[in-house]
Amino acid sequence: MRLHKYMAMCGVASRRKSEALILEGKVELNGEIVTSLGTMYKEGDKVKVNGQLISLEKKSIYIMLNKPLDCVTTAKDQFNRKTVLDFIKDIDERLYPVGRLDYNTTGLLLLTNDGDLAHKITHPSTHMDKKYIAKINGTPNEKALSDFRKGLMIDGKLTSKAEIQLLKSGAQSLVEVVIHEGRNRQVRKMLEQIGHSVITLKRVAIGALEIGTLKLGEYRHLTTDEVEYLKQFEVQK
Ligand code: URA
């Protein structure tokens with residue numbers, strides 16, 4: 001199999017990030033640095049990433065965090081801000097966030113060392129539903145709600161259809177939104193587009209996984225059923 005696929009299966013990073021690691025010269029195959037993306041892995045080969053031997057025998061870990069405000073969804077931050085990993089204690093394996101939430105978005109974030117599963121969940125072809133609750137300025141009218149549902153032009157590209165329900169109306173309203181993609185700041189941009197800026201944004205579900213009663217900054221391991229559920233999604237070629 002391709003080396004970057006093997007790396008993802010070992011939980012090093014997503015396939016795309018594994019490719020980047022190869023290009024950056026951080027990967028050794030049987031003692032030699034390799035930088036070609038076509039490099040193949042076969043059983044018995046010794047692969048090191050950043051000097052560390054990787055293997056398939058690692059235990060896979062799947063975690064759901066209720067991401068608090070004011071932390072970045074990356075493993076490291078160039079400005080030394082808090083990262084979501086700062087909230088995960090007592091786990092030695094290197095975990096990676098699955099997809100992203102903005103610095104000031106809270107809610108359900110998955111973390112895992114299973115790069116293959118992370119790839120499946122974040123791949124655009126998987127169309128996994130993501131549900132958010134947003135507090136917004138003003139109350140959207142029927143036309144705004146209907147425009148939102150049809151999909152909107154953001155950053156020069158039409159989004160797919162989306163769902164929106166008004167939960168509470170007033171000078172500030174609450175809406176429940178479901179999107180099927182994961183474009184950068186998509187919910188904020190779509191709500192902005194129909195004339196309602198976002199005050200707070202929280203992700204409450206990814207597919208059938210729900211944040212439930214987890215408090216901000218708390219996390220839990222996924223159940224076996226939840227992991228099986230996520231594994232059934234397939235990337236479309
Ligand atoms: N959409 C956004 O605008 N922000 C997030 O953090 C997630 C989805």
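The values are calculated or read from the model by the stated rules, or taken from the named source; none is laboratory data. Just so you know, these numbers come straight off a predicted model, no measurement behind them. As a convention, Cβ positions derive from the backbone with ideal geometry for all residues, glycine included, and neighbour counts pool all protein chains shown. To get the accessible areas, we keep the full protein, side chains included, count just its heavy atoms, and leave off ligands, DNA and RNA. Shrake-Rupley method; radii C 1.70, N 1.55, O 1.52, S 1.80 Å.
Summary table
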read-out: Every residue from region 91-125 that is farther than 21 Å from ASP70 by Cα and within 16 Å of the ligand (Cβ to nearest atom); value: ILE121, THR122, PRO124
read-out: All positions within region 49-73 that are farther than 14 Å from THR112 by Cα, modelled with pLDDT of 95 or more and open to solvent by 20 Å² or more (accessible area, probe 1.4 Å); value: LEU69
read-out: Criterion violated by ALA144 - all others in (1) open to solvent by less than 40 Å² (accessible area, probe 1.4 Å); (2) outside any strand (DSSP E or B); (3) touching a residue at least 60 places away in the same chain (Cβ under 8 Å) satisfied; value: (3)
read-out: Every pair of residues 6+ apart whose Cβ atoms lie under 9 Å, when the first sits in region 149-161 and is open to solvent by 40 Å² or more (accessible area, probe 1.4 Å) while the second is among the basic types (Lys, Arg) and in a loop (DSSP other than H, G, I, E, B); value: ARG149/LYS161; LYS150/LYS161; ASP155/ARG183; LYS157/ARG183
read-out: Test for ASP90: is it loosely packed, with under 12 Cβ neighbours inside 10 Å and closer than 28 Å to LYS189 by Cα; value: no
read-out: Test: residue in region 182-203 that is assigned to a strand (DSSP E or B), touching a Gly at 6+ places or on another chain (Cβ under 7 Å) and more than 16 Å from PHE148 (Cα to Cα); value: yes
read-out: Residue list for region 93-108, restricted to those being part of a loop (DSSP other than H, G, I, E, B) and open to solvent by less than 60 Å² (accessible area, probe 1.4 Å); value: GLU93, LEU95, GLY99, LEU101, ASP102
read-out: So ILE33, is it β-branched (Val, Ile, Thr) and touching a Ser or Thr at 6+ places or on another chain (Cβ under 7 Å); value: no
read-out: Region 162-198, subset within 13 Å of the ligand (Cβ to nearest atom) and small (Gly, Ala, Ser), residue most open to solvent (accessible area, probe 1.4 Å); value: GLY182
read-out: Qualifying residue in region 17-40 (condition: open to solvent by 70 Å² or more (accessible area, probe 1.4 Å) and within 20 Å of the chain's Cα centre (by Cα)); value: yes
